[in-house]
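The values are calculated or read from the model by the stated rules, or taken from the named source; none is laboratory data. Since we're looking at a predicted model, the values are computed, not measured. Here the Cβ positions follow ideal geometry from the backbone for every residue, glycine too, while neighbour counts run over all protein chains shown.
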């Protein structure tokens, strides 16, 4: 469960408006770009089987449908994106005109040449060449939009010109920012509408995913199902450069090395058996994926591996969250009740040598079989 404020929980329970955001390097998709009537299907997995077990490297998925009646997505590059979902936590009247507050500064747009974009009342170094009719700020950049789809951007820190997505879809979307000033920071999206309301939405991340370009792009809609960044490890383990050195490498260091090979941050740096030393590559490394190795390390740690909502790799297991739910927490709920005995015996089986290593003497045993890091 991702932590969020009581205001967010209350907003969802009260049926306040919600906004989905899919943030790509080359553009951003929101409710008006998505067929929200068909919903967004997000699956957050702990394990994939019908029984709870250890030693999996699971991937979350998200499915959605994009409108393409304008046919501007026929050449959109897609790729990696962040998925976020927000609910409105406050609404009031906007009395500030076309302006937004971002990173502690007030940015305003106007039609006056030389002052089309100001920061705290002073012109920014970089100036758009068009009348600013819309503003947005996110990830350290302030974007200016014009009525004809023009786009200009400056660094929120220096006020100097910055890069911006320059493609047909974003120029089309720029026109729809007319009269809007939006800023996103610290998981809060503030939307100020000239002569209209000023709303605040709190967001929770769903994860970072990769959208592959569909083989068939229709003129009306595009259906997409995307996996999270765990898929980056579906590569040959032999492609990962591992330095065993003269003293070997610990499982913790090995897991860190695998993450670094894809520039993924490892959240869990200390875990059960993280100090086990591997002196050379097991023969399984010749024909397995990096994801297989992550799963073996997770199994040795008595856990499963998955990507966090913030795009980091973590080894996880079940714990008491102290959260409670009632009938107002769901629009649909299918509860299942089951009971299982506690595991009181562990058997580690090495099929290569035909030996079993057993800990405990109870009658409910858990079997770990042929893990290359748990031998001997």
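Below is a table of values for the structure above.
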read-out	value
Given (1) more than 21 Å from the chain's Cα centre (by Cα); (2) without any contact (Cβ under 8 Å) to a residue 60 or more places away in the chain, number of the condition residue 260 does not satisfy	(1)
Criterion: surrounded by fewer than 19 Cβ atoms within 10 Å (Cβ to Cβ), farther than 25 Å from residue 203 by Cα, modelled with pLDDT of 95 or more and more than 25 Å from the chain's Cα centre (by Cα) - qualifying residue of 246, 250, 289	250
Options 343, 348: the member that is touching a strand residue (DSSP E or B) at 6+ places or on another chain (Cβ under 9 Å), farther than 30 Å from residue 10 by Cβ and either part of a loop (DSSP other than H, G, I, E, B) or modelled with pLDDT under 85 (or both)	343
All strands (runs of 3 or more DSSP E) inside region 111-161 with 3 or more residues being more than 19 Å from residue 194 (Cα to Cα)	151-155
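The rows are residues; the columns are (1) in the same structural domain as residue 181 (by TED's automatic domain parsing); (2) buried (at least 20 other Cβ atoms within 10 Å of the Cβ); (3) modelled with pLDDT under 95; (4) under 28 Å from residue 170 (Cβ atoms).
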{"residue": "37", "(1), (2), (3), (4)": "no, no, yes, yes"}
{"residue": "40", "(1), (2), (3), (4)": "no, no, yes, yes"}
{"residue": "43", "(1), (2), (3), (4)": "no, no, yes, no"}
{"residue": "46", "(1), (2), (3), (4)": "no, no, yes, no"}
{"residue": "49", "(1), (2), (3), (4)": "no, no, yes, no"}
{"residue": "63", "(1), (2), (3), (4)": "no, no, no, yes"}
{"residue": "72", "(1), (2), (3), (4)": "no, no, yes, yes"}
{"residue": "76", "(1), (2), (3), (4)": "no, yes, yes, yes"}
{"residue": "86", "(1), (2), (3), (4)": "no, yes, no, yes"}
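Per-residue answers, yes or no, for (1) more than 25 Å from residue 201 (Cβ to Cβ); (2) touching a residue at least 40 places away in the same chain (Cβ under 8 Å); (3) under 31 Å from the mean Cα position of the chain (by Cα); (4) crowded, with 21+ Cβ neighbours inside 10 Å:
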position: 134; (1), (2), (3), (4): no, yes, yes, yes
position: 143; (1), (2), (3), (4): no, no, yes, yes
position: 156; (1), (2), (3), (4): no, yes, yes, yes
position: 178; (1), (2), (3), (4): no, yes, yes, no
